[in-house]
Each structure stands twice: as structure tokens, then as C-alpha cells.
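Have a look at the structure below before the remarks.
The values are calculated or read from the model by the stated rules, or taken from the named source; none is laboratory data. Here the structure is a predicted model, which is why all the values come from computation and not from measurement. Don't worry about glycine lacking a Cβ; one is built from the backbone with ideal geometry, like all the others, and counts go over all protein chains shown.
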Amino acid sequence: MTTPDGRDLPQPPTNPPSVGQSAVGNTGPTVQVGGSNVGNINITRLPKLPVTPIPRGHQEAALEPVWAHTPTPQRAANLLAAHGLAVILGERGTGRRTSAVRALHTHLSTPAGPTQLFYLAADWDEDEAPEREVLPEPVSGHGYLIDATSRLLSENAAHALITWAEQLHDAGGCLVITSSQRDWRGDSRFEIVAVRPDAVQVARKHLAHWGSDAQAGWLQQDAQRTVTRGLLRQAAPDRTAGVLSDLITPSVSPADAVAIAGRLRDIDPERLAAAVERSDSPSSSEREQGVSELRRIREEVLLWTNFLEQTLTGTGTRGQDRVMLLAAAYLEGAPLELCIKAAVEFGARDGAIARRYREGRSPRRRLRDVGVDITSSDTAAFHRRPGLALAAIRMDWHHWADERDATTEWLARITAPDGVARAWTEQIGSRLLQLSITEVESPFLTLLNTWTTTSADERHLRIVTALITQAAETEELARDAHKQLLDWAAKGNAHRRKVVAWACSGRYGMRWPHMALVRLRHILAVDDEATRIAATALTAHAAASTEGFQRVVETVETWFEKYQTHLAGPRAFLALTDPAYNVLDTLVSAAQAAPAVRDFLINGWMQTLRQPDVRDDAHQVLLGWARAAHEGRLDRTATFGILTDVRNAHTPLDAMSRFLYGSPDKDDHALIEARLALANLRACNHTQCSEPHCPLKEAAGSLPDTSAAGGTGEPPS
């Protein structure tokens, strides 16, 4: 059985292997094992990168009737036909993704059926390159899109993807990569520079697709096309056609054009028609009303750009008005008095400045003058000007560049543990995230760092977790978000470590499992509350699916090999083997059928038992195994068989072990071997015990020869 990306799902053998020979941790195609080469030789396979089908909506945007013409897809399709790889380069707003999807469709479409298109997650850090083993197996008709617009593709990573694309091409598949010109370090032969589609056409085609033909006509640049010409009487021209033809400029991105179209769709055609009719009225008052209403419609669709230009930058505008609007924009829906208190906190904190907000015009009048509505419940709103709040935040950040530090300090102050707007942290963070998408030097990550430093409140740390996860999912912020999570994981701040652990246990870990495991490795280096969250995340990922189980086991095995003195491997292993979690049953069952899993358990225990920092935890987990076997929650024979192998393979070095078995560097090896054998002799039956299920009574017949190292522990002859 295979997944859509060509991966083989692991199928456990129906019968346990008769020979316990295995080769652990090998990724090459050939392994030579000394001695008799009969039995099972297991070659570890790295988990595949996450693959998800390209959503229907993304595919529809690249096809008629919605798609707006640009030469980019055909040029990319030509490269796919020649090489199986195209790299579409460009900045945000050039339609890279839609062009990539259309190129895949153009190259792979056949009359036989729909194309099989997938997003392939770039789930590796920037200093890494994807190994061939983690990439999907080539399948005819499968096309892949890697969105690398928010990350660097190093020369090694680019070379690995080019080599894989050649294999895809040979099999009848292909790959498109979207990136920026500064981040693609590969061969220029595969590059295509994205050509931005006509934004007006993008908007008009979406409106027509939605059935909003009237609104599509408002954007028409040649209004005369709506007049019917012929020998018979001409139809009356549509006076609304082309009335907003200059609304969308050539610099507007396709995504913004679609957003404008969505707001245009919400404008009632009768409202605009009435405004047009009034604007042509011979009455000056009627004409002025019509022109004013048309201006208002334009402002509503364009998110109040001109209104804010006049309100915030016009002559005579007082500083208090600007700060009042800013407070209402960040605290939309909050009580008016809270907005006033938040505004007072801006800048220097003295009584004279605080009084200014309540002198002269009333706060309500001041807010209304800058476009804020006051509801019947005395809260700040923007019902008459939807979208004005975020537009005001963006324009303020853009126009008052010299006050960005003051704005950042103000936001930190009002959201501090004792801040007046503490309860509105989530909304403020969300609006800062939106600001970061379009503006430079955004305070978003600065505020997240502040919030994780000043507060131990779990609710607010959860808010930070949701915001940093959303940032990682946002193209413009993804690179900085990934780096921030890695930095937080590697540093010692307990609050930030908890945020990383929560993020890796949620959507972030599901979308980027490899990067999440890298960050969890750093978390597991220190023993604190975040470590327990990380352990839970690790076991949950392993228990969620066969693929997750394989990924976690192989990752922990890699940690043992690469970071032998690091505590992440032992702590992760103890979490996976703790009966309190849901993974141990799977591990023990798999160990009976797959020697590689049995080797993982034995080697894991050996590595863990060597670490004194986890000795108490290891002892508790061993007790858990004993109790689980005693209560029938674990297979008794398999459990004690594994532990017997662990004991036989583990080199005892502590004082009690030396007392019982001797020290390898001081005592005769034959004597140590004899003591080990004596320690494994079956229990005598002459000692009577009142317990009906005494282990000493059952020992004589309940533990068959299951040890790969000699069964009952006697030295092999």
C-alpha cells in the first residue's frame, strides 16, 4: 500500500523473525554484515517530507474562467517539458503560486483525468539539504510545488532538488519551485521571472465568476463597450459602467485585487447607481451628495486611504486625535473609557498630558471626528467605515516612522501584566501580525519577546503560541517565525520554551514535523515544565499514525548516534517507553516482529542508563514496565525478554553493579561472566510465599528462552 506521494506504508510481518540479526541506523542501499547473512537485515529509512494535495480553490484560481493572463505559466511549462523543473522567481504580489499551479496543469493535463498536484513542504532548516530518501518516489503524472518564498534555498538544497527533478522527469512527473531572486542559489537555467497579471482583469474575472456582473462593469476601462450598436435603436448606456475604472492601479497585487473585488461585491448596485444619478443632477446640492457618496464608496473599497490621509496628516490635526484613533483601532470593541485610558499611556506619563485628552472637545467628539463610531453600549466601533481600524494602524506606522519606538513601548506598556489593555493582548497581537505582512520594522516579534519575558500567565503564553504559529504559516513572516522558535528553544527562558513546546505539539508540528523535532530536541536538553510538554508532544506525534511512529523512532535513534552526551535522546526515549503514554504497547508489539525496533529499545536503554541525570526517571519507567507486565497491560514474555537483553547488553559500572558482578577493568572477565550466569539462574521453589501470584513461584516456568543474548542469561557456549 502506498500514499499519494509514493511512500510505502510499513507492514509488520505476520510471523516474528527467527533470527534476530539487524543493522541499525543505516541509510545506504547496501549493508554488509559479518558472519552468517541469514535472517532480517533492517535498513533505516528516513521519513518522507509532508505532502498535501493542492486545494481545489488554489487550482481553480489558475484555470479559466478566473485566471488572468500572464506569460509566466507557459514559460514554466516549457521548462517542465524539457527538464521536469521550473523555478519561478519574483517578489510578493507577482502571482508566483497561481502561475506555478497553472504551469503544472499545462504540462500534466491529459484527457484521461484530472492532474495529481501536491504541495511538498520544505521541512528542513536553512543550513540543511533534503536527502533523496525524504523526497517522494517519482510517479508518472504527479506534479509537486515547493513554496520556498519565505526561506533560503542553499546551493546544496538546490542541487538535491534538481537531481530529484531529473528523476521525476524520467518518470513522467515534474517539480515547480517558487522563490525570490535573492534566495534561490541553484542553476539559472531553470529560472523564470514572474510577470504580474493585470490586476483589473483579476478583479473583474473574480467578480464575473461570483455572479457580480454589475460590479465587474464598474471596473471596465472602456465604458462604450456596454452600448449596443446596430441598425435598430441603440440600447441606453449603462451609466455605472466604468465609473470605478481607475480604482485599481497596475501596482496592485493579484491577492489585493481579489480582496478589492470581494469588497466591491458587497456594494449594493442600486446604491452606486443612485450616487451616479445624483452626481449628474443639475441641482448643485444633489450633485454634491452624489459625488460625496461615490467618494465614500471608493474609500470603503480601498479601506479609507484618502480619508486617513486627510484625517491623520492634514493641517491642524492634533496629536491627541491621532493617538485616540490608534487606541480605538487596536482596541476595537473595547469600552470607550478603556480606549481613553490606553491613549493617555502613550508617550511621557505625566498628569498634564493625561488632562489634555479630556480637555476641549469631549473624547466622544474627538473619536467621531477621526472616524470612530460610539455604540449604544459605549464601545469603540467602525461600523460606518469597515476596515478603517487596520488601515489606520498601517498608515500610522507608515507616516510616523520616527515614533515607531514610542508606539512599540506604548503597546508593551498597555499589555503588561498590570497594563490597562492586558485583556486585549490577543486582538492587539493579531493586528500587529497583519501589520507585519505589509510594513517594515514591525513590532510583532518584539512584542512577542516582551510578552514571553514579562508574563508567566498560561493564557497569554497560549496567545503567543497561536500568534507565532500563525506567523510561521504566513508567507511574509515564515522565515523570521521559524528562526524565532529555534532561538527560543535553544535559550534558557522557561516561558519561551513552553511556547515552543506548545507550538510543536500543535499545527506547527503537524505542518513541519522535522523542524518541530529539531526544536523539541533543544527543549529536551533541560528538565523543566517545557520538557514535559515536549515529551507529550513527541509521544502524541508517534501515536498519531504509522508514519509519525516511524519518524519519531528514527529521529530519536539519530539523536543517540549524533548527540551521544546530549540528554534529549534519553529523555525522548523515556517518554516513548513510559507506560503512562500511548506508545509503549506499539513499541513492544513492533519489537516482536521487527528486529530494528527491538534493537532501538535495547540500544535506547543502554544509552539512557549511562546518563546519571536521568537515572531516577529511568528507574521509574523500569518500575512502570514491571507493573504493566504484572497487571497484564504489557505482554509479559516480550517485556521481560527485552529487559533481559538490555541487562545482558548493559555494562554495569555503578557501585552496586560492581559489588554484584565485578568491575571489567579490575576483575577477571571469567569471574564476571560466572557471576552474570549465576544471577540468571532460575528461582528455587523451596521458599514458600503467601502471595498467590508471587513472581518467585511463577519464575520457574513463565520465562522461556527469549533473550537474543542467551535466553536465561548463561554465557553462550
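Every residue, every condition in (1) touching a helix residue (DSSP H, G or I) at 6+ places or on another chain (Cβ under 9 Å); (2) surrounded by 24 or more Cβ atoms within 10 Å (Cβ to Cβ), yes or no:
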site	(1), (2)
77	yes, no
80	yes, yes
84	yes, yes
87	yes, yes
90	yes, no
107	yes, no
112	no, no
125	yes, no
129	yes, no
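Might you check whether a residue that is of a type in the set (Lys, Arg), touching a residue at least 24 places away in the same chain (Cβ under 8 Å), closer than 19 Å to residue 165 by Cβ and in contact with a Leu (Cβ under 8 Å, 6 or more places away or on another chain) occurs anywhere in the stretch 101-123? Steps first, please.
Within the stretch 101-123, the first condition is being of a type in the set (Lys, Arg), and the residues that meet it are 102.
Now drop any that are not touching a residue at least 24 places away in the same chain (Cβ under 8 Å), which leaves 102.
Pick out the ones that are also closer than 19 Å to residue 165 by Cβ and you get 102.
Keeping just the survivors that are in contact with a Leu (Cβ under 8 Å, 6 or more places away or on another chain) gives 102.
Among the residues of the stretch 101-123, at least one is of a type in the set (Lys, Arg), touching a residue at least 24 places away in the same chain (Cβ under 8 Å), closer than 19 Å to residue 165 by Cβ and in contact with a Leu (Cβ under 8 Å, 6 or more places away or on another chain), which makes the answer yes.
Restricting to the stretch 277-313, name every residue that is touching a residue at least 60 places away in the same chain (Cβ under 8 Å) and not in a loop (DSSP other than H, G, I, E, B).
Passing the criteria: 299, 300, 305, 307, 308, 309, 311, 312, 313.
Taking the stretch 129-157 only, how many residues are within 12 Å of residue 176 (Cα to Cα) and outside any loop (DSSP other than H, G, I, E, B)?
Residues flagged as within 12 Å of residue 176 (Cα to Cα) and outside any loop (DSSP other than H, G, I, E, B) within the stretch 129-157 amount to 6.
Just one of 541, 522, 495 is part of a helix (DSSP H, G or I), more than 24 Å from residue 574 (Cβ to Cβ) and touching a residue at least 12 places away in the same chain (Cβ under 8 Å); which is it?
Every option except 495 fails the conditions.
Which of the helices (runs of 4 or more DSSP H) found entirely inside the stretch 576-682 contain at least 3 residues meeting this: surrounded by fewer than 16 Cβ atoms within 10 Å (Cβ to Cβ) and at pLDDT 85 or above? Step through it out loud before you land on a result.
Numbers: elements: 584-593, 595-609, 615-630, 636-649, 655-661, 669-679.
Answer list for the stretch 576-682: 615-630.
Do we find that residue 248 is outside the structural domain of residue 78 (by TED's automatic domain parsing), in a loop (DSSP other than H, G, I, E, B), modelled with pLDDT of 90 or more and crowded, with 23+ Cβ neighbours inside 10 Å in this structure?
Yes, satisfied.
Which condition number in (1) over 22 Å from residue 152 (Cα atoms); (2) touching an Asp or Glu at 6+ places or on another chain (Cβ under 8 Å); (3) β-branched (Val, Ile, Thr) is the one that residue 200 fails?
Every listed condition holds for residue 200 apart from (2).
How many of the residues making up the stretch 185-199 are crowded, with 24+ Cβ neighbours inside 10 Å and either without any contact (Cβ under 8 Å) to a residue 12 or more places away in the chain or not in a loop (DSSP other than H, G, I, E, B) (or both)?
3
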